[in-house]
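The values are calculated or read from the model by the stated rules, or taken from the named source; none is laboratory data. The structure displayed is predicted, hence computed values, not measured ones. Positions of Cβ are generated from backbone atoms using ideal geometry, with glycine treated the same way; all protein chains shown enter the neighbour counts.
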Amino acid sequence: MKFSAAEFQQWEHKSVTLLGMSGVGKTRLSAILREDGWFHYSGDYRIGTHYLDEAILDNIKLQAMQVPFLRDLLRSDSIYIRNNIGVDHLKPVASFLGKVGNPEHGGLPLEEFKRRQRLHHEAEIAAMEDVPTFIDKAQTIYGYKHFINDAGGSVCELDSPEVIELLAEHTLILYIKATEHDEHELIERARLAPKPLYYREEFLTEQMATYMQENSLQYVAQVEPDDFVRWIFPRLFYARIPRYDAIAEQHGYTITTEELAQVRNTADFLDLVTRAIERQP
């Protein structure tokens, strides 16, 4: 939604979608607002507990079946496995996505990796399409006045204008843009602790070809999974920026990570959004 500053301040039931790379502070802000009585909708939590729940459990069971002791217990229904995903603990989703490359170092074959990426893509679209329903649930069932949509870092890569338009129809879209300093911090963090990521298939194919050529590799199975994530992350980061910018310019507003770092409560947040609205032409 687009607002004047006055219209936003007078909006009785505020609903905001947060966009930005993983690590810019979306979940931290959502936690602050949750403590102040906002309904916290996490796209990744919805993906992990609903749309990919069975696929995640199947992946865990596949690993457990490699251990004879666990295999016997699973096949005799003596034990069961369940997810323990929380809005602040989403590791099962990342574990399902995995990393591509050498299977001896935990990597996935390229086609299996792409299959999981496609499943995540479909799940993320579905999770964002659920936002209007959960806005209504937050108010009518749970009695929350305001709603925060903590969207995944890859929402800008869905290539689904309908999803963005749906979010813009029902929420104020707020893009958290990393400052130059924070860009370097995020890239360094990814270098030190490479994590599974979502990539558009076209982007992945192009970058994989470049990586293999630069490293004189003939097969994807020769790719070191962590090294590839370290190599591709800066390229992914800078490829996403114009996508975020385009969404914010057309449908929403932009704040910086530096501004967000000053937010301590709902009042601070509302003041920041108001300033973002006022400075947009």
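Filtering Glu258, Glu249, Glu201, Glu206 for residues that are surrounded by fewer than 15 Cβ atoms within 10 Å (Cβ to Cβ), farther than 26 Å from Pro92 by Cβ and in contact (Cβ under 8 Å) with a residue 40 or more places away in the chain leaves a single hit, Glu258. Of all residues in the stretch 29-45, those satisfying the criterion of being in contact (Cβ under 8 Å) with a residue 12 or more places away in the chain and over 11 Å from the mean Cα position of the chain (by Cα) are Leu29, Ser30, Ala31, Ile32, Leu33, Arg34, Asp36, Gly37, Trp38, Phe39, His40, Tyr41. Remark: pairs (first residue in the stretch 261-277, in contact (Cβ under 8 Å) with a residue 24 or more places away in the chain and surrounded by fewer than 18 Cβ atoms within 10 Å (Cβ to Cβ); second residue part of a loop (DSSP other than H, G, I, E, B) and not basic (Lys, Arg); Cβ separation under 9 Å; 6+ apart in sequence or on different chains) = Ala261/Gly25; Asn265/Asp36; Thr266/Asp36; Thr266/Gly37.
Among all residues of the stretch 183-191, there is at least one that is more than 27 Å from Pro161 (Cα to Cα), crowded, with 16+ Cβ neighbours inside 10 Å and modelled with pLDDT of 95 or more.
The number of residues in the stretch 1-26 that are in contact (Cβ under 8 Å) with a residue 12 or more places away in the chain and not in a loop (DSSP other than H, G, I, E, B) comes to 9. Residues that are out of contact with any Lys or Arg (no Cβ under 8 Å at 6 or more places or on another chain) and buried (at least 17 other Cβ atoms within 10 Å of the Cβ) within the stretch 88-118 comprise Leu90, Pro92, Val93, Lys99, Val100, Gly101, Asn102, Leu110, Arg116, Gln117, listed in sequence order. Of the numbered conditions (1) modelled with pLDDT of 95 or more; (2) farther than 30 Å from Lys177 by Cα; (3) of a type outside the set (Ser, Thr, Tyr), Lys99 satisfies every one except a single condition; which is it? Only one criterion is unmet by Lys99, namely (2).
Taking helices (runs of 4 or more DSSP H) that do not extend beyond the stretch 94-175, which have at least 2 residues that are more than 18 Å from the chain's Cα centre (by Cα) and over 23 Å from Lys2 (Cβ atoms)? Filter on the stretch 94-175 gives 110-129, 131-140. Take the conditions among the acidic types (Asp, Glu) and over 20 Å from Arg264 (Cβ atoms) and apply them to Glu7. Does it pass? So Glu7 passes the test.
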